[in-house]
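To start, the structure under review is shown below, and the notes come after it.
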Amino acid sequence: MTTDFDAVVVGAGFGGLSMLQNLRQLDMSVKVFERGDGVGGTWYWNRYPGARCDSESVYYMFSDHFSPQILDEWTWSERFAAQPEILDYLNFVTDKMDLRRDIQFGTAVTGAVYDEANNRWEITTDDGGTTTARYLVTAVGCISTTNLPAFPGLADYAGERYHTGAWPHEPVDFSGKRVAVIGTGATGVQAIPEIAKQAAHLVVFQRTPNYDIPARNRPLDTEYVQEVKAEYPELWEKARASGFGLPYQVVEGSAAEAPPEERQQRYQRAWDKGGFYIGLETYSDFLVNKDSNDTISDFIRSRIRETVRDPATAELLAPSDHPFSTKRPPLETDYYVTYNRDNVTLVDINRTPIATITRDGLRTSEQEYAFDAIVFATGFDAMTGTLFKMGITGRDGLALEDKWADGPSTYLGLTTHGFPNLFMITGPQSPSVLSNMPVAIEQNTEWIAGLIEHMREVGADYSEATAEAERGWVEHHNQVADATLLLGTNSWWVGANIPGKPRTLYPYVGGVGAFRDICADVARKGYEGITLTSRTPVR
Ligand code: NAP
């Protein structure tokens, strides 16, 4: 059965819900395909123990642009919301806005081919269906394709096996079990303390230690929530204009040039406050000045050494191979103190690499381990992994993965030349994962809806970024990236976690506010850099 819509949106997380709502306001017919059986995207799949948001919950939600009423009605219970509460919120939003009726759940997109003759996208799904639409919007999330490294012997392992990014819906009980966790990124750092509380013994296999910042999570009191709610209009404006999508007080100045005593006090204050304040509200040059970065890296290493009792373990946990914030710093709750427990062991797999997974556990270059369960907290093929799995094929039969074989090439991270009427939410070369996500998402979806509305006004039904505009954006993106320390560190932000993935900075690091201004300017100039014409044949 073929069905036809004005737009198809892929994904029903924050991005898909926001896009659906924006397109509805244009009275468009929209179909959303979602591979999960419910809304939520990242928050639908990532149900591992300890999963919670690293953005403060009062800012990790749709803003007044989306619905002032929902903003007022919804109240978070904790400073950093746990996964079930975020999923509840997204279901609340979905029902409040009556979004569910346009979403087809349990359906993955298997192909999306631009049909030049009809100026439409032809979308195939794993239920055997074919759907056509003028516009195709990907809202597939940045970290939605899990990375399970090809450890030798993986297929022989007979015990329980989990990946944090595809966690079972039923509770997993580790009580009395011998458990391994491989990976100490933001996910592992959240899961490890929770698993340690249950397991008989937990062995953590670490490749790279991170600079973990205390979350200092707490229940939110009514007075604070009311204060925030009263200030929301200004707070959202501030977040939209900010560097990272959070309404924090930016403090200009170089850490390296500050008097050591002042620096120490500022770091300590922010450390005690918890959350990302230490990176965002102390000094402004950590990502561009190695000397400044050394000061904050030293500060955090000292805190780790103070917390972890065994000096050898503390040394393994103190990062020295990369500057602070050149990998995503995790927020931690009881992470470092977990290594003071008798039932937790840390293994440095740089010194003793995992040689093979075995039937009963795994073997490093030094030792054999038996496990009842192995938890892979090994991350994602981020930013492009899911886009490439969808079989997106543009003009002249060009596949997206072929066009991007040497790395993404986009105009504003929102469009790409050769793929008419295709829009990406939080695509590569947009702020995406370097922003508090809902703020980046709303900017993207509002801009896309604005472009479609403009096309209507000028009688266009075909939009395509020009090759020249795209070259200009990629050049700017790379210039901004090159000015930072980010490319020098092996992180998933630069694709280093996936063998063979092109090394380039995937998110745009020029800032959320600056990006917003650039996009607004493009719009003001009649969507400069995008060819807008009428191509649909008269039937
Ligand atoms: P990640 O940051 O990519 O961490 C994966 C971990 O697995 C790293 O420690 C990595 O080591 C290790 N690893 C990967 N391949 C390996 C291999 N072949 N052998 C041994 N170790 C291997 O993934 P993640 O922790 O799932 O986090 C991904 C992103 O999700 C975060 O950066 C963050 O943006 C987001 N996140 C957000 C929240 C939140 O806000 N609530 C929570 C969790 C995650 P290396 O570091 O050496 O590569």
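The values are calculated or read from the model by the stated rules, or taken from the named source; none is laboratory data. Source: prediction; values computed, not measured. Ideal geometry is used to build each Cβ from the backbone, glycine not excepted, and the neighbour counts take in all protein chains shown.
A compact table of results
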| quantity | calculated |
| --- | --- |
| Search result, residues across region 478-500 that are part of a helix (DSSP H, G or I), under 22 Å from Ser320 (Cα atoms) and of a type in the set (Val, Ile, Thr) | Val494 |
| Options Leu246, Leu220: the member that is at pLDDT 95 or above, more than 22 Å from the chain's Cα centre (by Cα) and closer than 17 Å to Ser55 by Cα | Leu220 |
| Helices (runs of 4 or more DSSP H) fully within region 270-317 counting 1 or more residues that are within 24 Å of Arg351 (Cα to Cα) | 290-307, 311-317 |
| Strands (runs of 3 or more DSSP E) contained in region 336-432 and holding at least 3 residues over 14 Å from Thr138 (Cβ atoms) | 344-348, 354-357, 361-364, 368-370, 373-376 |
| Where Ala191 falls short, out of the listed (1) of a type in the set (A, V, I, L, M, F, W, C); (2) modelled with pLDDT of 95 or more; (3) more than 21 Å from the chain's Cα centre (by Cα) | (3) |
| Among (1) within 22 Å of Ile143 (Cα to Cα); (2) of a type outside the set (S, T, N, Q); (3) in contact with a strand residue (DSSP E or B) (Cβ under 8 Å, 6 or more places away or on another chain), the one test that Phe174 misses | (1) |
| In region 318-335, residue farthest from the ligand (Cβ to nearest atom) [restricted to those that are under 19 Å from Arg301 (Cβ atoms), part of a loop (DSSP other than H, G, I, E, B) and touching a strand residue (DSSP E or B) at 6+ places or on another chain (Cβ under 9 Å)] | Pro329 |
| Residue within region 84-100 that is within 16 Å of the ligand (Cβ to nearest atom), farther than 20 Å from Tyr44 by Cα and touching a helix residue (DSSP H, G or I) at 6+ places or on another chain (Cβ under 9 Å) present | no |
| Residue, farthest from Ala133 (Cα to Cα), within region 12-50, restricted to residues that are among the aliphatic types (A, V, I, L, M) and surrounded by fewer than 21 Cβ atoms within 10 Å (Cβ to Cβ) | Leu26 |
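For every residue, the table says whether it meets (1) within 15 Å of the ligand (Cβ to nearest atom); (2) under 26 Å from Gly11 (Cα atoms); (3) among the hydrophobic types (A, V, I, L, M, F, W, C); (4) in contact (Cβ under 8 Å) with a residue 40 or more places away in the chain.
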position: Val439; (1), (2), (3), (4): yes, yes, yes, yes
position: Gln443; (1), (2), (3), (4): no, yes, no, yes
position: Glu453; (1), (2), (3), (4): no, yes, no, yes
position: Ala483; (1), (2), (3), (4): no, no, yes, yes
position: Asn490; (1), (2), (3), (4): yes, no, no, yes
position: Thr504; (1), (2), (3), (4): no, yes, no, yes
position: Gly510; (1), (2), (3), (4): no, no, no, yes
position: Cys519; (1), (2), (3), (4): no, yes, yes, yes
position: Ile530; (1), (2), (3), (4): no, yes, yes, yes
